[in-house]
Amino acid sequence: MEVPLNPIGREEIHRLESILLFATLFRPEVIELIKDPAERLTWVDSLAVAAGAIAREKAGMTVSEIAEELGRTEQTIRKHLKGETKAGQLVRETYELIKQGKLDELVKNVEVLAKGGQLVAMEEYEKLKKEKEELEAKVRELEERVKTLEEENHQLKAKLENVRKVLNDALERVKEIEKLL
């Protein structure tokens, strides 16, 4: 996904703003912060304003232009841009993560949530993913071993059946010999 880090024009500003908002919302620490329904609306609004402010700042707009466009005071916009608010800090961190090419990690969080899973830190995610792959390999190995044992069991049953047949034939001959004697 191409992210306009220094947007030119309204479309790119809105794209960066949206990406910043959604990528920030789905960071594990933000999910924890917005679990409380009483806080959720305030957090989402603050994050939206911070994302809008930072996207417009990156497009070269002045604080007064940003404040007018977002319908907030210049003081509020400055606080978000300077990272004096938690929302401003989080969105700025998200911007830096995107800039470092770590948007895929943020997108994985969204995918995990979309599939009904719980968010975990990326290190934990990678550890669990590796563990899952190792367990799947072990299951395949055990399935192969079971298959081999089943084949050996089948062969042994066939040999046992042959031994029984030979033994029965031998017993029949012994009985015949006893009759002759």
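The values are calculated or read from the model by the stated rules, or taken from the named source; none is laboratory data. As the structure is a prediction and not an experimental result, all values here were calculated from the model. Here the Cβ positions follow ideal geometry from the backbone for every residue, glycine too, while neighbour counts run over all protein chains shown. In case anyone asks, the SASA skips ligands and DNA or RNA and just uses the protein heavy atoms, side chains included. Shrake-Rupley method; radii C 1.70, N 1.55, O 1.52, S 1.80 Å.
Data overview
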{"quantity": "Neighbours by Cβ (under 8 Å, 6+ apart or cross-chain): first from the range 36-62, farther than 18 Å from Ile13 by Cα; second in a helix (DSSP H, G or I)", "calculated": "Glu39/Leu33; Trp43/Val30; Trp43/Leu33; Trp43/Ala87; Val44/Leu25"}
{"quantity": "Criterion: of a type in the set (Ser, Thr, Tyr), open to solvent by 40 Å² or more (accessible area, probe 1.4 Å) and either at pLDDT 85 or above or over 29 Å from Glu126 (Cα atoms) (or both) - qualifying residue of Thr76, Thr24, Thr94, Thr85", "calculated": "Thr76"}
{"quantity": "Tally, over the range 41-60, of residues that are more than 17 Å from Ser18 (Cβ to Cβ) and of a type in the set (A, V, I, L, M)", "calculated": "1"}
{"quantity": "Subset tally (residues that are in a helix (DSSP H, G or I) and over 18 Å from Thr62 (Cα atoms)) for the range 12-38", "calculated": "17"}
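One line per residue, one yes/no per condition, for (1) modelled with pLDDT of 95 or more; (2) touching an Asp or Glu at 6+ places or on another chain (Cβ under 9 Å); (3) within 28 Å of Ile98 (Cβ to Cβ):
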residue: Lys108; (1), (2), (3): no, no, yes
residue: Leu113; (1), (2), (3): no, no, yes
residue: Gln118; (1), (2), (3): no, no, yes
residue: Glu123; (1), (2), (3): no, no, yes
residue: Lys130; (1), (2), (3): no, no, yes
residue: Arg140; (1), (2), (3): yes, no, no
residue: Glu143; (1), (2), (3): yes, no, no
residue: Asp169; (1), (2), (3): no, no, no
